[in-house]
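**Student:** Okay, handing you the structure first.
The values are calculated or read from the model by the stated rules, or taken from the named source; none is laboratory data. Computed from a predicted model, the values in this text were never measured in an experiment. Cβ placement follows ideal geometry from the backbone for every residue including glycine, while neighbour counts extend to all protein chains displayed. All accessible areas refer to the heavy atoms of the entire protein, side chains included, with ligands and DNA or RNA removed. Shrake-Rupley method; radii C 1.70, N 1.55, O 1.52, S 1.80 Å.
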Amino acid sequence: MSRRPALLATAALALVGALLPSGTTAVADPSEPAIAERAGLRYVAMGDSYSAASGVLPLDPAAPAQCLRSLRNYPHVLAEAVGARLTDVSCGAADTGDYRGSQHPDVAPQLDALGRRTRLVTMTIGGNDSSVFINSILQCGAAGVTTAGQGSPCKDQYGDSFTDTIRQTTFPAIRRALRDVHRRAPKAEVAILGYPWIMPERVGCYPLMPVARGDVPYLRTIQRTLNNAVKRAAKATGSTYVNLNRVSDGHDACQLPGTRWVEPVLAGTNPVVVHPNALGEEAMARRTMKVLGLPGTITPSPLP
């Protein structure tokens, strides 16, 4: 990120360099037709690099270069499947502060894209807040290298600090961002996605993901805490939570190409590591459509 700790992608790429010497749906406005019945749905996509699909080609030529937004991100996949009119302002490295403020000099606050005519909003957001999720992956990866993948050096050093920050700082920030979205787009269905699993439950894949064996469940717990914060914020604001925990299980960065939805640090197929690939973005779109009850068909795109 240009003015604070870097995007998860940038941080993960720095790590590479170091290594190498079901949700609840909000009640719709009864004066509006059901979301699945609206032709030409006005759809605004917001959020961070998991929304933007940073690292998945081709890039969106309409997006600011810094945002690394892909034409194959889940908002584009979803919009094409349901025939929605998409305005995509997702941007790699975004946190909740970039909803109200400009992330870069030529990037408007994401809330500016919303209005009373907006009928659907989706997002992933919160993973970059306080840099806690970035730092947990970076620091656990760096610690894993020092022990050649043995033990739990990250858990031993950082303990509950990451989860405490998520509960105390990230959760209220996501809640505020969702409230702002509802104020700007009062007639919209607002959906916020959880983050698909990055690590398996217990057995990792060192050195592809340079996390020590004992820190694999530790990182999983941190991500579970983040997704729970997203879920709680959705409930508190009458938003829809798109739960990816169950559907993304077994599709983490340690799986083989064609199965994994998130790319590993080493030997991945996308230039931006520890981020969803095209398969993952399609899965996120499919799950969102199911939770929202949106009709449509997703045609799988060529991989990677």
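**Student:** Using amide H atoms built in the peptide plane, which far-off residues or other-chain residues are under 5 Å from T87 H to H?
**Tutor:** Here the answer is Y43, V44, A45, since their amide H atoms fall under 5 Å of that of T87.
**Student:** Before I look further, what does the chain give for accessible area per residue, probe 1.4 Å, in whole square angstrom?
**Tutor:** Each residue of the chain exposes 41 Å² on average to a 1.4 Å probe.
**Student:** Explain nothing, just compute: Karplus ³J(HN,Hα) = 6.51 cos²θ - 1.76 cosθ + 1.60, θ = phi - 60°, for every residue of segment 235-249 in order, whole Hz, x for Gly and Pro.
**Tutor:** So the Karplus estimates, Gly and Pro as x, are 4, 5, 10, x, 9, 8, 9, 9, 7, 9, 4, 6, 6, 8, 4 Hz.
**Student:** I've got another one for you. Tell me which label goes with the value of semi-axes √(5λ) of the Cα gyration tensor in Å computed from the coordinates here: (i) 31, 20, 18; (ii) 24, 23, 20; (iii) 68, 17, 14.
**Tutor:** Computed from the coordinates, semi-axes √(5λ) of the Cα gyration tensor in Å corresponds to (i).
**Student:** Hey, another quick one. Once neighbouring chains are kept in place and the probe is 1.4 Å, which whole percent of the accessible area of the chain is contributed by carbon and sulfur? The partial results should precede the final answer.
**Tutor:** Values: 6630 of 12460 Å².
The nonpolar share, carbon plus sulfur, comes to 53 percent.
**Student:** Here is a further query. Put +1 on the Cβ of every Lys and Arg and -1 on every Asp and Glu Cβ in the chain; which of V145, S54, L226 then has its Cα farthest towards the positive end of the dipole?
**Tutor:** Checking the options against the dipole of the chain, the answer is L226.
**Student:** Place a +1 charge on the Cβ of each Lys and Arg in the chain and a -1 charge on the Cβ of each Asp and Glu, then give the dipole magnitude about the Cα centre in debye, rounded to the nearest 20.
**Tutor:** Details: 31 positive and 24 negative charges, 155 e Å.
Using Cβ point charges on Lys, Arg, Asp and Glu, the chain gives about 740 debye.
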